[in-house]
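The values are calculated or read from the model by the stated rules, or taken from the named source; none is laboratory data. In this text, all values refer to a predicted model and were calculated from it rather than measured experimentally. Note that we place each Cβ from the backbone using ideal geometry, even for glycine, and neighbour counts take in every protein chain shown.
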């Protein structure tokens, strides 16, 4: 006997073996259908005796195993059921013959047999035969089960008769010696009359009877017989049979203790029917009287005594196995006994002893085993280890079995079986092919073993002819940070993201290369400044107020915090390229080429633009920007990214990644907005003083120079631009900046709106730089230090005391002006939502000083209405320039030259409108400077504002205008009034008030004097000049814009040159009118001899 | 002396495994790995009440044709496995015990290292040298 039945369990001792075989050509599926129906009749209650007969069906049974039937009766084939197809009557005799032949194979042991004929109809089928059943077809055989039951009952009758026959054998009779097949030749020529031999025969027979009792459902009797057999056989050292008797004892005890069965597929057995306890009760002591061999079996106490305890079962099993071990030929028996013991131990949860038993199984040498048997053996070992909870050991044997499937000695390796077995080992090595478990830590440990297994899986799947599986496993290997060249395989079969389903239902989830490369952080990038949408303030306010009715509530703020941690506070715009930055690094020692890297998003229709990158070996953190275009508006969530590495596509979800820093993945996408592109007539400058600027220009201007900048805006977006606003902001707040730095006219551009896609509009912007390079204080000091009294007025300014050292031509560097032009525009769907965009242009002007006035001073002109303005003009440029102002002649200034420039200036009456008018006057006084460069390029620069207000004060006429009229003739400094001696000369002093407030009252005294031109002034003129009326005038209060006239008369008594000094006497001390306001012209009167007519 | 010494964490992943014939490393991995079944069985077999004064030394886990596998479990369920050659009959149980004790002491030292993260593979040189003294000198 060489073929072990690895499925054996202790209960099998109880069963009768029936072989069901196909005969002739029977379709396999049809046969197994019938076989299943037959096998369903596994236990039959015998009507009369209340006993149950268990049947074990086999569709294949090696005849050499049948030879062991005497040794253990459950190995004996007692029934045969043949299934055959027979269509015509002619075939029938042939079929019948073949049935006879088949019977002969097991002929020696068969109790009964049946033939099931399918397809035969007619005369032959009509005949009633007990051993043959005819059915018209495989589908039409309703009473198969009934037939089988009858058949089983007939077997039982034979069995029972045999049992009785053997049991009643008188001990005095010659008892036949039962032998195991290999023993037969050992007993040739042995003395059959010795006591020893007789005892051996008795013992063996007793054991045989025990087997029969067990099969016949008489458990109690069986136990008794086994006990007796053990005693008998022990005394004669018949170890093989002693072992068998012990095993029988164990089997019977197991059946008693574990009515549920010890096989792990226990479903077939119905425990209620086979309950040993019931069976024991049913066996009334009287029922045992038929057993004539021993009277003591009839006692009730026998049950407890005879039945082995749970510990004893194991003990006896061990003993039995050790006896079997003495015989090489009984290897199969030993093996099966071991397996049966393991099953019992598994039920008793004595895993360690079971493992020892199994260890023993490994060492049992069964001689030359075929490869298939080896595989079966290892598989069974693995299953048994699984049964006792030794998953690792189980996995080990499964793997060995798998390797056996493809052993080099096998001509046709079963890669599929190997692969299937290998897959089954995975749990034992705590390997899960699902990458989701990866992060749970189940992949920790035993890397070497796991790797080996994965390698084998890869190899097996490749040899199986399923490169897809191979790729999947290799990917998995790679994921375990082992480098393998996948590319060879992926070129044949691209690794996808779909789940691969194996035929046996196992699903291989896709493996994502989340570690190739490793992503450290994910951050969504805001749009560039020029493209960011700006919400209109009013609408934003509404949105905020609707979000919460409270202005401030800490509770709602807190609850919002969680939401905000996910949502990012900037917006993306539909239709514009949006960016996400990943910090990645390559952990591999080789260059990693990542292709088709894109974003996985949800919420919004997003068009991902894949990128390809190549990471150097073991790179540091490497920024990768993934871009995409949202196609619709709404909230978009970045879920992850997809890559293609080594041809394997992977989808990596952020939530599944460990150690990824993310500042939130959700962002709002606002409806599309137009896009403007800005280009200027001036070259762009790289210098961006603040990063908010989208572009910037810089230029150099001489102070006072003006230049035009043409800005061209082109709509490069798809939306129509509807609104455009332009504002400017000066960055450098220069107090000494005069005039508008940037001026523009938007009307022309606005008339072009709406601006369709692709259209452009130009806006001219004037840039003028007017800076004061000369310090104001210095100028004033210069003025004062020169001691030139403006229009002859004694200056008594308190500033005069503040004397500072004069800086002579101090070098003045260039200055810088910066401003930002902001274009705010909107259009399209975004405008409806209240969004707009801003485009800003930085303008930076380096202002070079051109000419400036180092000193300003005034000289009184001859007239009170005029003065001389002296300007020291300094040319700080490197160029020669020509200075021209108003109608004066040109003045050529060489580089870094300073010249005095004189300008006669007519004082104009101050206006009453105040400052605005003064500004006008400033402009009026502006000098036009034409600088002529060497290149003959003429630039016009207007130098204005250099004359500050303090100086202008001097240049202005006092708001009180005094007019002196002598003899009907207005007098000024240079005018000499003629009069006759003896004639009354009328003198009129007129005050016109141009100031804003009423002035007066004043008193004026006219004092005449003679100037001898030698420094002596004679005031003693009472004799020469007499006043008609008073020489003192009183002027009452003069309201603004009104005037007051005082009239008097003088009488000159002698000829000569007389001067009239009109002295001003102010009686109100509180008055703070500046003294310059009271500069009255001195009157020069020439008295002549009266003309004698 | 030992041919393979392994330290296995509470979660049954190896913290340290070293064997003398380096080419047959995988074989020892299998051996130690499968021995864990027995270790687990032995640990669970001991009654809860006795857990406190449980003997750390588990004794022979299982013999194979060529090797004997011995086990030892610390109170924190860290397992030590020593594989010795079956032919080395001179080795007595007491010697195995002392080897385990030595190993345990050294392991405790490793754990005391503030820079060691529990659960990481052991890379201590001191531990390595202790293990080396217990291993068969490869010729």
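Could you tell me which of the residues A:185, A:198 is surrounded by fewer than 22 Cβ atoms within 10 Å (Cβ to Cβ) and under 18 Å from residue A:167 (Cα atoms)? If you could, list the steps in order and put the result at the bottom.
Working: A:185 fails: under 18 Å from residue A:167 (Cα atoms).
On inspection, the qualifying residue turns out to be A:198.
Check A:708, A:677 and return the single one that is within 30 Å of residue A:613 (Cβ to Cβ), touching a strand residue (DSSP E or B) at 6+ places or on another chain (Cβ under 7 Å) and at pLDDT 70 or above. Walk me through how you get there before you give the answer.
Details: A:708 fails: within 30 Å of residue A:613 (Cβ to Cβ).
Sole residue among the options that is within 30 Å of residue A:613 (Cβ to Cβ), touching a strand residue (DSSP E or B) at 6+ places or on another chain (Cβ under 7 Å) and at pLDDT 70 or above: A:677.
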Those residues of segment A:390-400 which are within 42 Å of the chain's Cα centre (by Cα) and free of Cβ contacts under 8 Å to residues at least 40 places away in the same chain, in sequence order: A:390, A:391, A:392, A:393, A:394, A:395, A:396, A:398
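Which one of these is outside the structural domain of residue A:246 (by the TED database), within 60 Å of the chain's Cα centre (by Cα) and surrounded by fewer than 16 Cβ atoms within 10 Å (Cβ to Cβ): A:90, A:36? Even if it seems obvious, please write down each step before you answer.
Working: A:90 fails: within 60 Å of the chain's Cα centre (by Cα).
Result: A:36 is the single residue among A:90, A:36 that is outside the structural domain of residue A:246 (by the TED database), within 60 Å of the chain's Cα centre (by Cα) and surrounded by fewer than 16 Cβ atoms within 10 Å (Cβ to Cβ).
Just for helices (runs of 4 or more DSSP H) wholly inside segment A:299-407: which have at least 2 residues that are within 14 Å of chain B (Cβ to nearest Cβ) and closer than 24 Å to residue A:12 by Cβ?
On the way: elements: A:301-306, A:310-324, A:331-348, A:351-363, A:371-387, A:391-405.
Correct list: A:331-348, A:351-363, A:371-387, A:391-405.
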State the number of residues belonging to segment B:13-34 that are under 19 Å from residue A:394 (Cβ atoms), touching a strand residue (DSSP E or B) at 6+ places or on another chain (Cβ under 8 Å) and within 8 Å of chain A (Cβ to nearest Cβ). 1
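Can you go through A:27, A:63 and tell me which one is over 15 Å from residue A:215 (Cβ atoms), within 60 Å of the chain's Cα centre (by Cα) and modelled with pLDDT under 85? Can you show your working first?
Numbers: A:63 fails: within 60 Å of the chain's Cα centre (by Cα).
The conditions single out A:27.
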Taking segment A:711-726 and keeping only residues that are surrounded by 22 or more Cβ atoms within 10 Å (Cβ to Cβ), touching a strand residue (DSSP E or B) at 6+ places or on another chain (Cβ under 7 Å) and outside any strand (DSSP E or B), one is left with A:719
Inspect all residues belonging to segment A:411-425 and state whether any of them is in contact with a helix residue (DSSP H, G or I) (Cβ under 9 Å, 6 or more places away or on another chain) and within 14 Å of chain B (Cβ to nearest Cβ). yes
Do we find that residue A:757 is outside the structural domain of residue A:577 (by the TED database), closer than 29 Å to residue A:820 by Cα and modelled with pLDDT under 65 in this structure? no
If we ask which residues in segment A:995-1007 are buried (at least 19 other Cβ atoms within 10 Å of the Cβ) and touching a residue at least 60 places away in the same chain (Cβ under 8 Å), their number turns out to be 3
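Could you tell me which residue of segment A:556-586 is modelled with the highest pLDDT, considering only residues that are part of a loop (DSSP other than H, G, I, E, B) and under 19 Å from the mean Cα position of the chain (by Cα)?
Pass one, segment A:556-586, residues part of a loop (DSSP other than H, G, I, E, B): A:574-577, A:586.
Still in the running and under 19 Å from the mean Cα position of the chain (by Cα): A:577, A:586.
Details: A:577: 82, A:586: 73.
Per the criteria, the residue is A:577.
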Checking residue B:119 against (1) in contact with a strand residue (DSSP E or B) (Cβ under 9 Å, 6 or more places away or on another chain); (2) within 14 Å of chain A (Cβ to nearest Cβ); (3) at pLDDT 80 or above: exactly one of these is not met. Which one? (3)
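Could you check segment A:367-381 and list, in sequence order, the residues that are in contact (Cβ under 8 Å) with a residue 24 or more places away in the chain and under 24 Å from residue A:315 (Cα atoms)?
Once the filter is applied, which keeps residues that are in contact (Cβ under 8 Å) with a residue 24 or more places away in the chain and under 24 Å from residue A:315 (Cα atoms), segment A:367-381 yields only A:380.
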Determine if segment A:245-259 includes at least one residue that is at pLDDT 70 or above and out of contact with any helix residue (DSSP H, G or I) (no Cβ under 8 Å at 6 or more places or on another chain). no
Cross-chain or 6+ apart pairs with Cβ under 8 Å, segment A:185-204 first and over 11 Å from residue A:238 (Cα atoms), then assigned to a helix (DSSP H, G or I): A:190/A:197; A:191/A:197; A:202/A:232
